[in-house]
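The values are calculated or read from the model by the stated rules, or taken from the named source; none is laboratory data. Being a predicted model, the structure only gives us computed values, none of them experimental. In this analysis, Cβ positions are derived from the backbone assuming ideal geometry, glycine residues included, and neighbour counts consider all displayed protein chains. Heads up: the accessible areas ignore ligands, DNA and RNA and are worked out on the full protein's heavy atoms, side chains in. Shrake-Rupley method; radii C 1.70, N 1.55, O 1.52, S 1.80 Å.
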Protein chains: 2
Amino acid sequence: MDNQLILYAVPLSGVIALLYALFKAGWVSKQDSGTEEMATIAGHIADGAVAFLKREYKVLTIFVISVAILLGFANSGRVDSSPIISVSFIVGAICSALAGFFGMKVATKANVRTTHAAREGLSKALNVAFSGGLVMGLSVVGLGIVGLSTLFIVYNNQFSEINQVINLISGFSLGASSIALFARVGGGIYTKAADVGADLAGKVYEGIPEDDPRNPATIADNVGDNVGDVAGMGADLFESYVGSIIGTMVLGAAFVPVFDAMGISTIAAVILPLVIAAAGIIVSIVGSFFVKVKEGGNPQTGLNTGEFGASLIMAVLSYFIITNILPSSWVAGGFTYTSLNVFFAVLTGLAAGVLIGLITEYYCSTHNKPVVGIAYQSVTGAATNIIAGLGTGMMSTGLPIIVLSVAIIASHYFAGLYGIAIAALGMLSVTGIQLAVDAYGPISDNAGGIAEMSGLPPEVRERTDKLDAVGNTTAAIGKGFAIGSAALTALALFAAFRQQAGVESIDISQPVIMAGLLLGAMLPFVFSALAMGAVGRAARDMITEVGRQFNEIAGLREGTTPAEFAHCVDISTKAAIREMILPGTLGVLVPVVVGFVSKDMLGGLLAGVTSSGVLLAIFQSNAGGAWDNAKKRIEGGIEFDGTTYGKGTEAHKAAVVGDTVGDPFKDTSGPSLNILMKLIAVVALVIAPLI
Amino acid sequence: MDNQLILYAVPLSGVIALLYALFKAGWVSKQDSGTEEMATIAGHIADGAVAFLKREYKVLTIFVISVAILLGFANSGRVDSSPIISVSFIVGAICSALAGFFGMKVATKANVRTTHAAREGLSKALNVAFSGGLVMGLSVVGLGIVGLSTLFIVYNNQFSEINQVINLISGFSLGASSIALFARVGGGIYTKAADVGADLAGKVYEGIPEDDPRNPATIADNVGDNVGDVAGMGADLFESYVGSIIGTMVLGAAFVPVFDAMGISTIAAVILPLVIAAAGIIVSIVGSFFVKVKEGGNPQTGLNTGEFGASLIMAVLSYFIITNILPSSWVAGGFTYTSLNVFFAVLTGLAAGVLIGLITEYYCSTHNKPVVGIAYQSVTGAATNIIAGLGTGMMSTGLPIIVLSVAIIASHYFAGLYGIAIAALGMLSVTGIQLAVDAYGPISDNAGGIAEMSGLPPEVRERTDKLDAVGNTTAAIGKGFAIGSAALTALALFAAFRQQAGVESIDISQPVIMAGLLLGAMLPFVFSALAMGAVGRAARDMITEVGRQFNEIAGLREGTTPAEFAHCVDISTKAAIREMILPGTLGVLVPVVVGFVSKDMLGGLLAGVTSSGVLLAIFQSNAGGAWDNAKKRIEGGIEFDGTTYGKGTEAHKAAVVGDTVGDPFKDTSGPSLNILMKLIAVVALVIAPLI
């Protein structure tokens, strides 16, 4: 088929995704939202979430406009770029923000409708929750692909030089990354401040029930699930998705002269990632039809069929796409590429992602040795629980890094740097359904919260808990994909930076590069510290406020007067907005400053951020996951030295400490690092022509 | 002066150090060891410590012999090396082991004599404790310099090729590093298993007093201070000291042909580090005379005068040494070196070390914001205490890494790679007195324990506590030197490896090197996990044993029957020996395996281990220090929201959790990483000619 024609079909697939998302959103809205009380609570959650996003976006607008102006000035009068890069940047930022907003809007409708559906049965509830998640997933991939491919088509018609087109397109990625970092950090701080604050208030002030509808922080906690786990994660995956596509496009541009000499479509390797992504969208929609459960059945089966089915179809499909779009073999830079080997690179990425996911699950699952070990170490108190959790998290970095290293070498063996980039894309091609499964989690979680707050019978909560509990394997695989693809994308962008900055070699034994490496390796530590400190401070404000309400509001303790939820929502909102500024700005500024000092040092910085970022991300997210499940394991009862320890025992209290420590690890600082390392690489790429 | 003559004076300074150490050891032995009960307790501690070291050395003998045989075979029939490298290796291992043994032997005599002296007054007690520490310090530098310089003189007379001499000498460093890693890890596991086990036994079994003479684990706890904080630290500093000297010698060898062409002493740059170290020994002895305190005075003043005085004298002295030994200027590899600039590189190292030390103190001192912050976060429970401590530890990596990066670039600017190496030596030149101050801490700590166990009046404990409390600043500076010099030495060895392996450039954007970087960055995480896991498991055994004794031994609870201390000592010993094998072997094996796969990958591995190792070491040791002092801060009483929290409150309990988590961080895994990164670099250097 004609590559030009195929290219024009790409945005079409994005439009299909968006139309289907709209249709699904309409269907969700039409579902019954249950009793008046349920609707009221859900209304509070939805209002809080929208209010936060509005304030967040207001701040981000200032940021985006400032950066756009700077970008425009810096790139004016250059032949290899153009001030139009600002347009890409703004479009990228807007697409990311829109995807987050739209997805969250529907999620805050789906939650209460899932609760209501759960009053009838499991099957319907799964359908509503998953549909809500699917809207998020399809919004992300739809807006990503429409924005990116439209810009590419326009620029490609406008500018004759492919390198210039690529430079301009990278602005889109920068926009997406910036929004993602702020959204992840802000959302993460919001959700954990509310969560930790609500949990701990009971510890400080006597007689305040933890995890109880009377606790004024519960609404903020539920809002947090939406702004952190839905909107934040959406922006995160939007960034990964776009980053891996653009990373591959940049490296594919190196083949243009070769293909030109061969007399075939020059941009074949550049548009290949777009076409794979477009096909992935259609496959995701098809996969979503498999997500069903019979009454009394296990929802896990439906999710697995949908996601693994989609991945399998995609693997097969990508063979045909690659061999059709690329020539069967070509030589560039003394290296012989074949389309078959490019396909193998994609498979390598997929295999690595699945493996890292399975390892993640091993370390975090309730049934395996690491989590059981942490549970047993809780018997001797919080200190041993923490030591065991930290140890488990650190140990869990071993195998994923070995898998990643092998994947890097193998995909490079198959298809050079292009192979590394497209391996990352391989993991993310079915982001549509992957994200649907991810977002389905917090929707079910919210549904459970609403069931409890509105006093529905316990079997409703049981059903939503069942929904929430499944999808662990799929979520773990999703995590594996997120970490694996982040590392590979960062490497691809790193290679792209070197290509664009004209740096011959980044010799790590040179002192200035070694200094850059150390500085880069330090950033994820400081970044994590900022995020954790922010959660600590915000949680503290929350605790004080909860205490104030219990002391001042007569009847709150007895449950006769409602708590002032809005104050708590306000505290989380303000804290999140205030605290996201510094780490977010740091992520953008540091590479710029270092880059203008020395581009060699920037090369070292990128290597340092990537290596230490991947490790800290795996460490933090696995330690957090393991602590969480160790607590759950003890709630199921464990036996040690003849005594059984369950909920309410000292061992359980110790495990709760671990879980609370793990919260900011796995939901605030950990996931932000995946974005940080890509953002820094994208910033480097964008400023490469300027330094 | 004739350089050859100066060279022969070097071992003499080592002999002086050893003779003075012998004299001081004799003086300590002659002091009164107090009551019979005190002597008995001290006897148990000394026996336990010696028993552990004997078993440890037995295992290490097998290791050393095996490695020596392998080294001998691998280097036989080579012109650039010789099987004689095995001799260097064995001598290095023996010197390190002897220094540890001798220092610990005297420390276990000094502890009880310090207790007895403290019955009379502070001044005498300081004198005894510091003399004990000085024996350790002088044994380390004395054996280090005697062994190293003797081997160098012999080899230099025997072999005409300087590169061969250098290769052979590096075996000494390998021997020292191997012993250091095992001793640090083994000692660290021993001391923390006993410490954590003794503390937590009270939590698990009701009615068992924590930190009480009746607790059967207390003797093991005191033994631990000696095998971990004295012998382990001695081996650690022996390794740093020797490593930084050899690193500079290796890089100095590059100047031999240049100096030859200039018609001056060819080995001037090679022997310079030996001469600086020799001068440092004499200066350390002189400095030790300033360590005195008047009755009622502050011991801090004496320690400060001694250590800072020695550093200052050394800084001035090194100017004369450097300008006398090196030509005033020379050109090598297109770079113009001057002796003055080499001196500036030394000053850069010293300044960086002091700065990192001051930053360390800022983050860990009871009076500053970070520790006070952790103390306040303890009010809301253990979880917030842990989050705050982890955050503080991560944040504390920022400034030291910036200082280190500047130091790397500056010392390289002054004198190239040789400048980086000699900057590290600058920090370590007065290791003699530095280590005396460091070892004085655990001796005072032990003295306090003995005072308590033998029921001496409280003012004795107060005096030993006063001794123990001072020296914080000097200890912090010591930490700064340890971390800074480790990083610089690792870099110097890294450069030396590249030189010897003939690797042109280690381009981090190459996939195989990037894979090595990731694998290297992962090692410190897995290594820390192993160390922490070992402490957890051993502590658990200890807790069970303490519980058993309290249940089975009639009269123990009442204090009428003595506990079976020996069982606890045995548990710690066995656990430490068993658990040190895997991490220790890992440190030696991984670089060998990776090196034979690809020397490029080994280059990446070294960069990864260094960057992630420095960061995790700073993070862990500062988090541990901050937690420790946050607990002490609360013991002094803090006010929050109108309530005062002190010893015994919930806030204090939360702070104890943090302190316990920090124990293995700051005393087991953290300090081991400094050794790990140098060991891996030395292994790479030694196998460089073979791959």
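Can you spot a residue in the stretch A:326-333 that is more than 14 Å from every other protein chain (Cβ to nearest Cβ), out of contact with any Ser or Thr (no Cβ under 6 Å at 6 or more places or on another chain) and closer than 30 Å to A:TYR20 by Cβ? Lay out the reasoning, then the answer.
Kept after step one, since they are more than 14 Å from every other protein chain (Cβ to nearest Cβ), are these residues of the stretch A:326-333: A:326-332.
Those left that are additionally out of contact with any Ser or Thr (no Cβ under 6 Å at 6 or more places or on another chain): A:327, A:330-332.
Subset that is closer than 30 Å to A:TYR20 by Cβ: none.
Scanning the stretch A:326-333, I find no residue that is more than 14 Å from every other protein chain (Cβ to nearest Cβ), out of contact with any Ser or Thr (no Cβ under 6 Å at 6 or more places or on another chain) and closer than 30 Å to A:TYR20 by Cβ, so the answer is no.
Kindly evaluate B:VAL593 against the criterion of being in a helix (DSSP H, G or I), open to solvent by 40 Å² or more (accessible area, probe 1.4 Å) and within 13 Å of another protein chain (Cβ to nearest Cβ). I'd like the intermediate steps shown before the answer.
Numbers: in a helix (DSSP H, G or I): yes; open to solvent by 40 Å² or more (accessible area, probe 1.4 Å): yes; within 13 Å of another protein chain (Cβ to nearest Cβ): yes.
So B:VAL593 fits the description; yes.
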| task | Restrict the check to the stretch B:420-439 and report whether at least one residue is among the polar types (S, T, N, Q), in a helix (DSSP H, G or I) and within 24 Å of the chain's Cα centre (by Cα). | result | yes
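Applying the selection to the stretch A:309-337, what residues are farther than 21 Å from A:SER485 by Cα and either open to solvent by 40 Å² or more (accessible area, probe 1.4 Å) or charged (D, E, K, R) (or both)? Full working, then the answer.
The first filter runs over the stretch A:309-337 and keeps only residues farther than 21 Å from A:SER485 by Cα, leaving A:320, A:323-337.
The answer is A:PHE320, A:THR323, A:ASN324, A:SER328, A:SER329, A:VAL331, A:GLY333, A:GLY334, A:PHE335, A:THR336.
Going by the conditions given, is B:ILE45 under 25 Å from the mean Cα position of the chain (by Cα), among the hydrophobic types (A, V, I, L, M, F, W, C) and over 24 Å from B:LEU679 (Cβ atoms)? First the steps, then the outcome.
Numbers: under 25 Å from the mean Cα position of the chain (by Cα): yes; among the hydrophobic types (A, V, I, L, M, F, W, C): yes; over 24 Å from B:LEU679 (Cβ atoms): yes.
Yes: the conditions hold for B:ILE45.
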| message | Just to be sure I understand, how many residues within the stretch A:501-528 are assigned to a helix (DSSP H, G or I) and touching a residue at least 24 places away in the same chain (Cβ under 8 Å)? | response | 18
| query | Scanning for something within 28 Å of A:ILE285 (Cα to Cα), within 14 Å of chain B (Cβ to nearest Cβ), modelled with pLDDT under 95 and crowded, with 24+ Cβ neighbours inside 10 Å, does the stretch A:350-359 turn up at least one residue? | reply | yes
| task | Look through A:GLU452, A:GLU462 and report the one residue that is open to solvent by 40 Å² or more (accessible area, probe 1.4 Å) and without any contact (Cβ under 8 Å) to a residue 24 or more places away in the chain. | result | A:GLU462
| Out of A:ILE387, A:ILE374, A:ILE359, A:ILE408, sole residue that is touching a residue at least 12 places away in the same chain (Cβ under 8 Å), part of a helix (DSSP H, G or I) and over 25 Å from B:LEU517 (Cβ atoms) | A:ILE374
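Please go through the stretch B:29-49 and give me each residue that is surrounded by fewer than 22 Cβ atoms within 10 Å (Cβ to Cβ) and over 17 Å from B:ALA217 (Cα atoms), ordered by number.
Just the residues of the stretch B:29-49 that are surrounded by fewer than 22 Cβ atoms within 10 Å (Cβ to Cβ), to begin with: B:29-33, B:35-37, B:39-40, B:43-44, B:46-47.
B:SER29, B:LYS30, B:GLN31, B:ASP32, B:SER33, B:THR35, B:GLU36, B:GLU37, B:ALA39, listed by residue number.
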| task | Taking only the stretch B:389-436 into account, find how many residues are surrounded by 24 or more Cβ atoms within 10 Å (Cβ to Cβ) and either among the aromatic types (Phe, Trp, Tyr) or more than 7 Å from chain A (Cβ to nearest Cβ) (or both). | result | 27
| query | Regarding A:ALA566, is this residue away from chain B (no Cβ under 14 Å), open to solvent by 70 Å² or more (accessible area, probe 1.4 Å), more than 18 Å from A:LEU518 (Cα to Cα) and aliphatic (A, V, I, L, M)? | reply | yes
| remark: Considering the stretch B:360-388, residues that are of a type in the set (Val, Ile, Thr) and open to solvent by 20 Å² or more (accessible area, probe 1.4 Å), and then whichever is nearest to the other protein chains (Cβ to nearest Cβ), we arrive at B:VAL372
| said: If I go through the stretch B:241-276 residue by residue, how many of them are more than 13 Å from B:ILE166 (Cα to Cα) and either of a type in the set (Val, Ile, Thr) or outside any helix (DSSP H, G or I) (or both)? | reply: 8
| task | Could you figure out which of (1) more than 28 Å from A:PRO524 (Cβ to Cβ); (2) in contact with a Gly (Cβ under 9 Å, 6 or more places away or on another chain); (3) among the charged types (D, E, K, R) isn't true of A:GLU120? | result | (2)
| request: Out of the residues in the stretch B:50-81 that are farther than 24 Å from B:MET233 by Cβ and in contact with a helix residue (DSSP H, G or I) (Cβ under 6 Å, 6 or more places away or on another chain), state the one that is modelled with the highest pLDDT. | output: B:ALA68
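Please find, among B:GLN499, B:GLN510, B:GLN549, the residue that is among the polar types (S, T, N, Q), farther than 18 Å from B:ALA684 by Cβ and more than 7 Å from chain A (Cβ to nearest Cβ). Talk me through it step by step, then tell me what you get.
Numbers: B:GLN499 fails: farther than 18 Å from B:ALA684 by Cβ; B:GLN510 fails: farther than 18 Å from B:ALA684 by Cβ.
Checking each option against the conditions leaves just B:GLN549.
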| Is it the case that A:ARG537 is surrounded by 15 or more Cβ atoms within 10 Å (Cβ to Cβ), farther than 22 Å from A:VAL661 by Cα and among the basic types (Lys, Arg)? | no
| Hits in the stretch A:513-532 - residues which are over 30 Å from B:SER505 (Cα atoms) and either more than 8 Å from chain B (Cβ to nearest Cβ) or at pLDDT below 90 (or both) | A:PHE527, A:ALA531
| Here are some residues: A:MET542, A:MET522. Which one is under 16 Å from A:ALA220 (Cβ atoms), surrounded by 24 or more Cβ atoms within 10 Å (Cβ to Cβ) and within 29 Å of the chain's Cα centre (by Cα)? | A:MET542
| query | Of (1) more than 14 Å from every other protein chain (Cβ to nearest Cβ); (2) part of a helix (DSSP H, G or I); (3) open to solvent by 30 Å² or more (accessible area, probe 1.4 Å); (4) at pLDDT below 95, A:PHE344 satisfies all except one. Which? | reply | (4)
| Which residue, of A:LEU143, A:LEU174, is modelled with pLDDT of 90 or more, open to solvent by 20 Å² or more (accessible area, probe 1.4 Å) and under 24 Å from A:ILE680 (Cα atoms)? | A:LEU143
| Regarding A:GLY648, is this residue within 29 Å of A:ARG540 (Cβ to Cβ), away from every other protein chain (no Cβ under 12 Å), surrounded by fewer than 24 Cβ atoms within 10 Å (Cβ to Cβ) and over 26 Å from the mean Cα position of the chain (by Cα)? | yes
| request: Please specify each residue of the stretch B:599-641 satisfying the condition of being open to solvent by 10 Å² or more (accessible area, probe 1.4 Å) and within 12 Å of chain A (Cβ to nearest Cβ). | output: B:ASP600, B:MET601, B:LYS631, B:PHE640, B:ASP641
| said: Take the conditions open to solvent by less than 30 Å² (accessible area, probe 1.4 Å) and in contact (Cβ under 8 Å) with a residue 24 or more places away in the chain and apply them to A:ASP229. Does it pass? | reply: no
| request: Looking for whichever is open to solvent by 10 Å² or more (accessible area, probe 1.4 Å), in a helix (DSSP H, G or I) and of a type in the set (Val, Ile, Thr) here; the options are A:VAL656, A:VAL661, A:VAL682, A:VAL686. Which one fits? | output: A:VAL656
| field | Sole exception among (1) open to solvent by less than 20 Å² (accessible area, probe 1.4 Å); (2) of a type in the set (Val, Ile, Thr); (3) in contact with a Leu (Cβ under 8 Å, 6 or more places away or on another chain) for A:VAL91, by number | value | (1)
